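Scroll down for the structure; my scribbles are underneath it.
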Amino acid sequence: MERLPTHIPGLDAILSGGLPIHSTTLISGGPGSGKTVLASQIIFRNIQPPQKALFVSTVSEPLGRILRYMQEFSFFQPDLVPETVQYEDIGPDLLQGNGVRAVQRLEELLLQHNPEFLVIDSIRSLSALSESPAVSRRNLFRLAALLSALPCNTLLVGEYQPHEFATTVEASIVDNILLLNRREAGLHEQRVLTVEKLRGSEYIPGEHTFRISRDGLTIFPRFTTPPTPAAYTPGRSYAPTGIPGLDDEMLPGGLLRGTIALLVGDPGVGKTVTALHFLLNGIKQGEAGLYISFQEDPNQLAQIARNFGFDIDALTAGGKLTMLYASPVELDIDEHVQKMLTAIQQIGARRVVIDSIGDLEAGAHGSPDRYFNFVYSLAQWLKNNGITSMFTGEMSGLFGSELTLTGRGVSHIADTILLLRYTELDGEIRRAFTVLAARGSDHSKQVREYLISEKEGPRIGAPLHHTFSMLNPTQRKA
């Protein structure tokens, strides 16, 4: 099927390349959701003289107001108005003649300009100002018949919600339906786009978040599981962590390359230090790395690294390391994952740290299923690309917390599970380390002391005896 690229960031990926050419699309949604901006952006991103575009306003969207606000966006090209992009107002025609006169005026404009693109904003006025549903249906079907006979890409803008699609003529006569909406997400607002209909074509279903800036809409396709997970073929090659005692005693050889390790532990027990050493020791071995943080900004992490003899600034300048930080308060996971993948590709990262995986839940805006599906999809993408990764996760209590991701077992995403906890021994608080699981690899079953010093960094110590169980009964089920 021949397609018309929208040239809107993220949207063509969702639409499998764009809208079917010469089709009719209903851009629906609530007030202020971005419908007019989307329609205008598609026009100005596509139109090229001698092509013509016709933008028809109605009583709900006065022409003067549309032009005033559209000029604030960078995609608006005033030099194309009015020769290439023609604006017309049929509001006066709608207010008389029971809608018939407005349809006649539309027919005249279409035959006069023969446009490549047509926008009617808002199409709902055509039915709202008709004296009866029968008249409204006749007018809309008459318009649909005309559009089907013309080689025109049509965008109908209207304030429709999903529950209305089954009963409105507008939804039945179009080939495609895009739904834009706004909703509260914690302390801020979130904008989402869904494809409700795309005739004869595949698309990425579900909700896709987007932002509106001076450049118009930027859409972030929902991150999905790679379609061919069979490409994930981990070998017997190992990625050493560089932590003494871990690679040679607890987890011989280190982590299997192309796998996910989950490092879970108490607050402040040393997860960040461990993850940093895994990443920075990998860079010493020639493997570029990406550190993704949500709690500590890159300046704090750089100071921690300097304490152990690593020069973060030099590694970053050399193109071997990227430190990517985002606040969990304003996080949107689908937007942030695009930054992750871009950073990985820019430096050719072979190791990735996410500190911590639980902070991504805030970016799922209260949806445990969306959070888990995102983490699973991200893990599969990393594995398919042969990237060795370490995710950290925090346990909420000193001596108890379920070792799960939002109620689901970590075995769904992790190949190796490392547990780092505090314990009391001989009247002192010590760190205890154990390997709970290492899929496809042998590992020690011992509980060992975990030592951290600025001089030597982290290292595995001697076995711990007569200490509490590392797992409580609920954790053993994870």
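The values are calculated or read from the model by the stated rules, or taken from the named source; none is laboratory data. What you are looking at is a predicted structure, and each value in this text was computed from that prediction instead of being measured. Note that we place each Cβ from the backbone using ideal geometry, even for glycine, and neighbour counts take in every protein chain shown. Heads up: the accessible areas ignore ligands, DNA and RNA and are worked out on the full protein's heavy atoms, side chains in. Shrake-Rupley method; radii C 1.70, N 1.55, O 1.52, S 1.80 Å.
Please find, among Pro151, Pro162, the residue that is modelled with pLDDT of 90 or more and either over 30 Å from the mean Cα position of the chain (by Cα) or hydrophobic (A, V, I, L, M, F, W, C) (or both).
Pro151
Can you go through Gly309, Gly258 and tell me which one is at positive phi, open to solvent by 60 Å² or more (accessible area, probe 1.4 Å) and part of a loop (DSSP other than H, G, I, E, B)?
Details: Gly258 fails: open to solvent by 60 Å² or more (accessible area, probe 1.4 Å).
Residue meeting the stated conditions: Gly309.
Kindly indicate which of Gln295, Gln303 is over 28 Å from the mean Cα position of the chain (by Cα), among the polar types (S, T, N, Q) and either at pLDDT below 95 or part of a strand (DSSP E or B) (or both). Working first, answer last.
On the way: Gln295 fails: over 28 Å from the mean Cα position of the chain (by Cα).
Criteria check complete, one pass: Gln303.
Give the number of residues within the stretch 262-283 that are in contact with a Phe, Trp or Tyr (Cβ under 9 Å, 6 or more places away or on another chain) and open to solvent by 30 Å² or more (accessible area, probe 1.4 Å).
The total comes to 1.
For residues that are farther than 19 Å from Asn281 by Cβ and touching a strand residue (DSSP E or B) at 6+ places or on another chain (Cβ under 8 Å), scanning just the stretch 343-354, find the one that is least open to solvent (accessible area, probe 1.4 Å).
Looking at the filtered set, the residue picked out is Ala343.
Only one residue in Met395, Met390, Met340 is within 25 Å of Ile460 (Cα to Cα), open to solvent by less than 50 Å² (accessible area, probe 1.4 Å), modelled with pLDDT of 90 or more and among the aliphatic types (A, V, I, L, M), so which one is that?
Working: Met395 fails: modelled with pLDDT of 90 or more; Met340 fails: within 25 Å of Ile460 (Cα to Cα).
The conditions single out Met390.
Which ranges mark the helices (runs of 4 or more DSSP H) fully within the stretch 1-101 that have 2 or more residues being at pLDDT 95 or above?
It comes to 11-14, 35-46.
Could you grab me the full set of residues in the stretch 122-167 that are outside any loop (DSSP other than H, G, I, E, B), of a type in the set (Val, Ile, Thr) and either surrounded by 20 or more Cβ atoms within 10 Å (Cβ to Cβ) or touching a residue at least 60 places away in the same chain (Cβ under 8 Å) (or both)?
Thr154, Val157
Do you know which residues across the stretch 102-121 are of a type outside the set (A, V, I, L, M) and assigned to a helix (DSSP H, G or I)? Steps first, please.
The initial filter retains those residues of the stretch 102-121 that are of a type outside the set (A, V, I, L, M), namely 104-105, 107-108, 112-117, 121.
Hits for the stretch 102-121 are Gln104, Arg105, Glu107, Glu108, Gln112, His113.
Could you give every pair whose Cβ atoms fall below 8 Å, whose first residue belongs to the stretch 317-329 and is over 14 Å from Tyr291 (Cα atoms) and in contact (Cβ under 8 Å) with a residue 24 or more places away in the chain, and whose second residue is of a type in the set (A, V, I, L, M, F, W, C) and open to solvent by 40 Å² or more (accessible area, probe 1.4 Å), counting only separations of at least 6 or pairs across chains?
Note: pairs meeting the criteria are Pro328/Ala362; Val329/Leu187; Val329/Ala362.
Tell me yes or no: at least one residue of the stretch 149-157 is touching a Lys or Arg at 6+ places or on another chain (Cβ under 6 Å) and within 21 Å of Glu196 (Cβ to Cβ).
Within the stretch 149-157 (the criterion being touching a Lys or Arg at 6+ places or on another chain (Cβ under 6 Å) and within 21 Å of Glu196 (Cβ to Cβ)), the answer is yes, since at least one residue qualifies.
When the residues of the stretch 12-57 are filtered to those that are in contact (Cβ under 8 Å) with a residue 40 or more places away in the chain and of a type in the set (Lys, Arg), which remaining residue is farthest from Leu179 (Cα to Cα)?
First, pick out the residues of the stretch 12-57 that are in contact (Cβ under 8 Å) with a residue 40 or more places away in the chain: 13-16, 19-44, 46-47, 51-57.
Going one step further and asking which of them are of a type in the set (Lys, Arg), we end up with 35, 52.
Numbers: Lys35: 9, Lys52: 26 Å.
Here the residue is Lys52.
When only residues in the stretch 173-191 that are exposed (fewer than 15 other Cβ atoms within 10 Å of the Cβ) and outside any loop (DSSP other than H, G, I, E, B) count, which is modelled with the highest pLDDT?
Checked the stretch 173-191; the qualifying residue modelled with the highest pLDDT is Arg183.
Could you give every pair whose Cβ atoms fall below 6 Å, whose first residue belongs to the stretch 431-450 and is surrounded by 18 or more Cβ atoms within 10 Å (Cβ to Cβ), and whose second residue is of a type in the set (Lys, Arg), counting only separations of at least 6 or pairs across chains?
Going by the 6 Å Cβ cut-off, the qualifying pairs are Ala432/Arg421; Phe433/Arg448; Glu449/Arg430; Tyr450/Arg431.
Any residue at all in the stretch 50-71 that is of a type in the set (Val, Ile, Thr), open to solvent by 40 Å² or more (accessible area, probe 1.4 Å) and over 14 Å from Leu118 (Cα atoms)?
Within the stretch 50-71, one or more residues are of a type in the set (Val, Ile, Thr), open to solvent by 40 Å² or more (accessible area, probe 1.4 Å) and over 14 Å from Leu118 (Cα atoms).
Give the stretch 81-99 a look and list any residue that's open to solvent by 50 Å² or more (accessible area, probe 1.4 Å) and either over 42 Å from the mean Cα position of the chain (by Cα) or of a type in the set (Asp, Glu) (or both), or say none.
Residues satisfying the conditions are Glu83, Asp89, Pro92, Leu95, Gln96.
Of the conditions (1) part of a loop (DSSP other than H, G, I, E, B); (2) under 22 Å from Trp381 (Cβ atoms), Phe278 clears all except one; give me its number.
(1)
Those residues that are hydrophobic (A, V, I, L, M, F, W, C) and in contact with a Leu (Cβ under 8 Å, 6 or more places away or on another chain), I need them from the stretch 158-175; list them, please.
Val169, Ala171, Ile173, Val174
Tell me which residues, restricted to the stretch 193-209, are part of a strand (DSSP E or B), within 20 Å of the chain's Cα centre (by Cα) and touching a residue at least 24 places away in the same chain (Cβ under 8 Å).
Within the stretch 193-209, the first condition is being part of a strand (DSSP E or B), and the residues that meet it are 193-198, 208-209.
Among the residues that remain, those that are also within 20 Å of the chain's Cα centre (by Cα) are: 193-196, 208-209.
Matches in the stretch 193-209: Leu193, Val195, Glu196, His208, Thr209.
Open to solvent by less than 60 Å² (accessible area, probe 1.4 Å), part of a loop (DSSP other than H, G, I, E, B) and either modelled with pLDDT under 85 or aliphatic (A, V, I, L, M) (or both): is that true of Ile219 in this structure? Full working, then the answer.
Details: open to solvent by less than 60 Å² (accessible area, probe 1.4 Å): yes; part of a loop (DSSP other than H, G, I, E, B): no; either modelled with pLDDT under 85 or aliphatic (A, V, I, L, M) (or both): yes.
Against the criterion (open to solvent by less than 60 Å² (accessible area, probe 1.4 Å), part of a loop (DSSP other than H, G, I, E, B) and either modelled with pLDDT under 85 or aliphatic (A, V, I, L, M) (or both)), Ile219 does not qualify.
Given (1) surrounded by 15 or more Cβ atoms within 10 Å (Cβ to Cβ); (2) in contact with an Asp or Glu (Cβ under 8 Å, 6 or more places away or on another chain); (3) in a strand (DSSP E or B), where does Ile212 come up short, assuming only one miss?
Answer for Ile212: the failing condition is (2).
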